[in-house]
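The values are calculated or read from the model by the stated rules, or taken from the named source; none is laboratory data. What you see is a predicted model, and the numbers here were worked out from it, not measured in a lab. Ligands, DNA and RNA are excluded from the accessible area calculation, which covers all protein heavy atoms including side chains. Shrake-Rupley method; radii C 1.70, N 1.55, O 1.52, S 1.80 Å.
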Amino acid sequence: MREISSQDVRVFVIWEPVLPTDFVAPSTAALARIPDVRAAQYWDRKRGLSHLLGEHNRSTVVWDYIAVYAPGTLWQDTPPRPIYSDHPVRDVISGAKDAVQRLLASGPKPAGCEK
């Protein structure tokens, strides 16, 4: 996020219990790993997002995953198809950054966004 200065970018970080140590919501120290004001962080205790993205059992938990969506993309009954998605996050962050930069360069902003 440090490399993308646009205020049109929003990031949603979803924390969920996956590992045996994930039995409570993330600590203040964990939340501080993502200090950018464009990021909103949520605790998904029941892994609702993972279930929406395809979790059916313990071996299909969706975590350590990144997805990039175009501005104005709406989630309805099922998650929309992302412009870019992959995992694990630390290995694919450059692909996500490239996808965001392509979206930012691709033209007009959606209604209601500041320039």
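Of note:
- Solvent exposure of Leu31, expressed as accessible area, is near 60 Å², computed with a probe of 1.4 Å over the protein chains only.
- Candidates Ala25, Ala67, Ala105: whichever shows maximal mean-square fluctuation once the chain is modelled as a Gaussian network with Cα springs under 10 Å: Ala105
- Area of Phe12 that stays accessible when all protein chains are in place (1.4 Å probe, Å², to 10): 130
- Accessible carbon and sulfur surface of region 1-114 relative to its total accessible area, %, 1.4 Å: 56
- Annotation: per residue accessible area for the chain equals 75 Å², rounded to a whole number [probe 1.4 Å, protein chains only].
- Beta bridges per DSSP with both ends in the chain, % antiparallel, nearest 5: 40
- Rolling a 1.4 Å probe over the protein chains gives Ser85 an accessible area of about 50 Å².
- Pairwise Cα distances in region 14-115 exceed 17 Å in 64 percent of cases.
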